[in-house]
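Read-outs: derived from the displayed coordinates by stated rules, not from any lab. This structure is a prediction, so every number in the text was calculated from the model and none was measured. Neighbour counts are summed over all protein chains in view; Cβ atoms, including those assigned to glycine, are modelled from backbone coordinates with ideal geometry.
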Amino acid sequence: MTFRIFLTGFMGSGKSHTGRLLGEALGIPFVDLDDWIEKQEGQSIAEIFAASGEAAFRKIEQNALRSMHNFDFVIVSCGGGTPCFFDNMDWMKEHGITVYLQIPAAELCRRLIPEMAHRPLLKGLNELTMLPFIEEKLALREPYYLQSQIITDSPGALIEILAELNRQIRRLVSKNDPEK
């Protein structure tokens, strides 16, 4: 039996924070995909973008995502673009449970303004151009995010996610129970 949870959503949506809490609550390992890539590649995401470009990064990201198949139990915080490239979202749904942390663009903007210098896709933006950029990117990415099996817009997402995971696990167990 395997149990993998893939957290999706725009940068700044709280995937890493929620993933760590879920890992602690469920007692299973947590992997931040960007941290995993940085460790495997020996350079930061920003350095990979600068040296090789986004296309090369997305291929590295796809390979890192596929390596999560080596874990039987894991919670993975995906990069904001992960579900949108190649067939990553289909792969995640086939190999685990996908969760979309849905946060409004204005709130994402508020969270991301202090982090602009550390996010390659935000490089060159300012407080005036940030919100339109987020709205545009979110419009392109949300059709992928919305394919997630669990979608939450709750600030207390952890409790909501745990409750839905419990329901899904019970359904799987009852479906696989030969006595039912």
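Charge dipole of the chain (Cα centre as origin; +1 on each Lys and Arg Cβ, -1 on each Asp and Glu Cβ, all else neutral): 280 debye, rounded to the nearest 20.
Separation of the range 36-62 and the range 1-23, taken as the distance between their Cα centroids, equals 20 angstrom.
With a simple spin-label model that places each label point 7 Å from the Cα along the Cα-to-Cβ direction, the separation between His17 and Glu94 comes to 3.4 nm.
Computed extension gain for Ala163 through Glu54, at 0.36 nm per residue and net of the alpha carbon distance, reaches 35.6 nm. Around the amide H of Ile5, modelled in the peptide plane, lie the amide H atoms of Val74, Ile75, Val76, Ile97, all under 5 Å away and 5 or more residues distant in sequence or on another chain. Annotation: aspartates and glutamates with alpha-carbon distance below 17 angstrom to Lys123 (same-chain offsets under eight excluded): Glu47, Glu54, Glu115, Glu135, Glu136. A full extension of the chain between Ala139 and Ser67 corresponds to an added length of 23.1 nm, given 0.36 nm per residue minus the alpha carbon distance.
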